[in-house]
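As structure tokens, the structure follows; a few thoughts come after it.
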Amino acid sequence: MSSEETGYDRDASRDVTKLKPALAFLKPYGRQIVIATIALIFTATATLSIGQGMRLVIDQGLSQQSSEILTQTLMVFAGLVLILTAGTFVRFYYVSWIGERVSADLRQAVFDHLIRLHPGFFETNQPTEIQSRITTDTTLLQTVIGSSVSIALRNALMFVGGLVLLFITNVKLTVVVLACVPLVVVPIIVFGRRVRALSRSSQDTLAEVGSYAGESLRQIKVVQGFTHEARDSEAFRVRVDAAFSVAKKRIFQRSVLTAVVMLLVLGAIATMIWIGGQDVLLGRTSPGELAAFIFYAFIVAGSVGAISEVWADLQRAAGATERLMELLHSPSEISDSPDAIELAAPLRGRLRADNVTYAYPSRPDTLVLDDVSFGVEPGEMLAIVGPSGAGKSTLFDLLQRFYDPRIGAISIDGVDIRQLSLESLRGAIALVPQDASLFGISIRDNLRYGRTEASDEELAEALKSASADEFVRALGHAEKAGLSDAEALKRGLDIKLGEGGSGLSGGQRQRLAIARALVTKPGLLLLDEATSALDAESEAAIRDTVSALKGVCTVLVIAHRLSTVVEADRIAVLEAGRLQAIGSHEELLGSSELYARFARIQLSAASESEQWRNAVS
């Protein structure tokens with residue numbers, strides 16, 4: 001999505017106040033936040049106390065050459081270390097727990113919202129980018145909440161406390177340290193900006209590498225079928241080299257930054273030690289005070305560096321939060337009305353479309369359906385035919401209320417579907433799409449997708465009606481030899497499918513999609529070219545199943561095959577979004593030139609197919 005489409009401004013995203021909406025997800029976990037905060041203060045205090053422990057060990061233990069005093073001071077030092085260790089465990093555990101929990105809650109909230117958005121949203125917003133937001137952006141927020149914020153607060157406490165203790169320990173050396181701070185901070189700011197810019201560029205080029213690889217691998221049959229492997233490899237190499245080139249620049253800038261900061265820090269420490277050493281030799285300060293001062297100087301310098309790094313993380317997290325909140329607050333154009341009612345059960349299946357007119361939001365001037373009106377009686381089978389782009393599948397989308405008509409209305413059992421709750425409306429309808437969509441779960445879970453309480457006996461009945469029981473049983477036999485047919489069917493139901501049903505043929509996927517629809521025992525069955533991928537024998541079996549459903553439920557079928565169409569009680573002819581004619585097969589042959597032409601083409605194709613079979617036999 002472009003910045004114009006999303007309203008996302010890279011510069012605006014650097015405003016860390018945009019993190020505020022994400023903080024609302026912290027509210028349920030006040031107890032854990034209090035524990036983590038106490039542990040954070042405890043560890044910061046213990047760390048700062050270590051400097052005083054070092055001073056005691058050196059000045060009282062070593063300088064006085066007393067084994068007893070050395071043991072006592074070391075015990076004090078060890079006690080501080082143990083306290084720090086325990087506090088660090090508690091702080092790290094609870095802060096990380098909060099980060100993971102908030103990230104999980106945010107992912108869940110975004111997914112719960114997205115899963116209920118109207119399908120049109122995903123036509124203008126790429127699902128792959130949305131997926132990236134749900135994973136990458138929430139992971140970035142988890143890192144910030146579960147680590148960076150804690151680091152920032154801890155280092156802020158360490159900086160303030162360390163600075164106070166520096167002044168208490170040695171004012172003159174503190175002035176030297178403060179004079180050196182700009183020399184260290186300026187390179188961090190200058191080179192840090194360059195590194196961050198190159199990091200963003202590196203992430204973009206890596207994303208392009210991943211996107212190109214994913215697309216090529218998803219379309220592997222097309223790639224290999226057109227012998228495009230060498231060209232794809234070369235194109236991928238160009239993208240990999242571009243990513244490496246950006247990475248080299250980033251590494252160089254970071255290496256320079258590290259070297260310069262190290263040189264300046266070590267130079268400042270050497271200067272400080274020389275000045276402090278002179279004071280020790282002259283008796284103006286003790287060796288323990290010098291050691292404690294060096295320790296606090298490291299604490300202060302490290303805190304400044306850590307806070308500068310964390311600030312960059314906070315800026316990136318602000319951008320991630322803005323993008324996630326944009327998803328979380330995206331409005332759905334299709335939702336239940338405040339006074340939505342439930343569809344009366346049992347569904348009779350009387351369907352009515354009145355003057356339905358629709359155009360997709362992306363093409364508002366092109367009418368996909370134009371003033372379409374028709375009625376379907378309970379238990380009737382209506383076939384819908386017409387050339388590609390006539391609006392057949394769009395009509396099915398409107399029936400399920402994935403979109404609302406621009407003009408007109410659709411009613412079921414006399415009730416405008418816009419007055420019905422979406423759950424009750426869609427729960428009464430079963431769709432078998434042309435492109436059978438299966439999930440990477442077991443065959444059993446795919447079949448139960450619309451009715452989770454369905455028994456294995458009901459699944460077996462639906463598989464048989466969809467002519468899918470034989471191949472599912474064969475899958476079970478292939479898993480383990482020597483099984484009875486009933487055992488093989490049960491084992492076949494347990495087999496997990498690949499993503500999108502990979503591993504099955506197009507016809508097998510379509511038969512499972514038909515069985516899945518039959519399992520729900522729908523009041524209204526929508527078949528969108530449901531037999532297009534089937535062989536003649538399977539198509540005939542499905543046709544018999546669909547014919548048996550006439551009178552049991554209302555059936556609407558989009559079909560191009562005349563053998564399917566003639567089984568219908570009536571046929572609706574669509575062309576360019578308009579209803580040209582409606583009637584029986586015999587009536588339309590005489591009244592609709594478009595349908596008559598369609599029938600002649602089908603009969604001619606069937607005749608040629610029959611002649612071919614006779615010639616082969």
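The values are calculated or read from the model by the stated rules, or taken from the named source; none is laboratory data. This one's a predicted model, so the numbers in the text were calculated from it and none came from an experiment. Please note: Cβ atoms are built from the backbone with ideal geometry, for glycine as well, and neighbour counts cover all protein chains shown.
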Exercise for review: Tell me which residues, restricted to segment 435-449, are buried (at least 17 other Cβ atoms within 10 Å of the Cβ) and over 26 Å from Asp485 (Cα atoms).
Suggested key: Ala436
**Study point:** The lone exception for Phe252 - which of (1) modelled with pLDDT of 75 or more; (2) over 30 Å from Ala320 (Cα atoms); (3) over 31 Å from the mean Cα position of the chain (by Cα) it fails
**Key:** (2)
Review point. For Arg352, which of the numbered conditions (1) over 36 Å from the mean Cα position of the chain (by Cα); (2) free of Cβ contacts under 8 Å to residues at least 24 places away in the same chain; (3) not in a helix (DSSP H, G or I) fails to hold?
Key: (2)
Point to revise | Among the residues listed as Gly440, Gly450, Gly408, the single one being in the same structural domain as Gly379 (by TED's automatic domain parsing), small (Gly, Ala, Ser) and either touching a Gly at 6+ places or on another chain (Cβ under 7 Å) or under 22 Å from Ser335 (Cα atoms) (or both) | key: Gly408
Practice item. Might you let me know whether segment 575-588 holds any residue that is aliphatic (A, V, I, L, M), modelled with pLDDT of 90 or more and out of contact with any helix residue (DSSP H, G or I) (no Cβ under 9 Å at 6 or more places or on another chain)? Key: yes
Check your understanding: Out of the residues in segment 381-412 that are of a type in the set (Ser, Thr, Tyr) and more than 19 Å from Asp336 (Cα to Cα), which is farthest from the chain's Cα centre (by Cα)?
Key -> Ser388
Practice item. Could you grab me the full set of residues in segment 411-460 that are touching a residue at least 12 places away in the same chain (Cβ under 8 Å), in a helix (DSSP H, G or I) and farther than 24 Å from Arg348 by Cβ? Key: Ile443, Arg444, Asn446, Leu447, Asp456, Leu459, Ala460
Study note, to complete from the structure: Apart from one, (1) under 30 Å from Leu594 (Cα atoms); (2) within 34 Å of the chain's Cα centre (by Cα); (3) surrounded by fewer than 17 Cβ atoms within 10 Å (Cβ to Cβ) all hold for Pro378; the odd one out is (2)
Revision key, fill the gap. Apart from one, (1) outside the structural domain of Leu556 (by TED's automatic domain parsing); (2) surrounded by 14 or more Cβ atoms within 10 Å (Cβ to Cβ) all hold for Thr531; the odd one out is (1)
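Among the residues that make up segment 322-336, is at least one of them among the acidic types (Asp, Glu) and in a loop (DSSP other than H, G, I, E, B)?
Scanning segment 322-336, I find at least one residue that is among the acidic types (Asp, Glu) and in a loop (DSSP other than H, G, I, E, B), so the answer is yes.
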Practice item. Select from segment 551-571 the residues that are in contact with a strand residue (DSSP E or B) (Cβ under 8 Å, 6 or more places away or on another chain) and modelled with pLDDT under 80 and write down the one among them that is surrounded by the most Cβ atoms within 10 Å (Cβ to Cβ). Key: Thr564
Revision key, fill the gap. Considering only helices (runs of 4 or more DSSP H) wholly within segment 495-601, the ones with at least 1 residues that are of a type in the set (D, E, K, R) are 506-519, 536-549, 585-591
Revision key, fill the gap. Matching residues in segment 481-494 (in contact with a Lys or Arg (Cβ under 8 Å, 6 or more places away or on another chain) and either surrounded by fewer than 19 Cβ atoms within 10 Å (Cβ to Cβ) or assigned to a loop (DSSP other than H, G, I, E, B) (or both)) number 4
Review point. Of the residues that sit in segment 210-232 and are small (Gly, Ala, Ser) and loosely packed, with under 12 Cβ neighbours inside 10 Å, which one is farthest from Val190 (Cα to Cα)?
Key: Gly225
Check your understanding: Does Glu575 count as in contact (Cβ under 8 Å) with a residue 12 or more places away in the chain, more than 28 Å from Arg348 (Cα to Cα) and over 37 Å from the mean Cα position of the chain (by Cα)?
Key -> yes
Practice item. Sort through Ala345, Ala306, Ala353, Ala340 and tell me the only one that's modelled with pLDDT under 80 and either surrounded by 14 or more Cβ atoms within 10 Å (Cβ to Cβ) or in the same structural domain as Val415 (by TED's automatic domain parsing) (or both). Key: Ala306
Practice item. Quickly run through segment 327-378 and pick out the residues that are hydroxyl-bearing (Ser, Thr, Tyr) and either under 26 Å from Ala581 (Cα atoms) or touching an Asp or Glu at 6+ places or on another chain (Cβ under 7 Å) (or both). Key: Thr357, Tyr358, Tyr360, Ser362, Thr366, Ser373
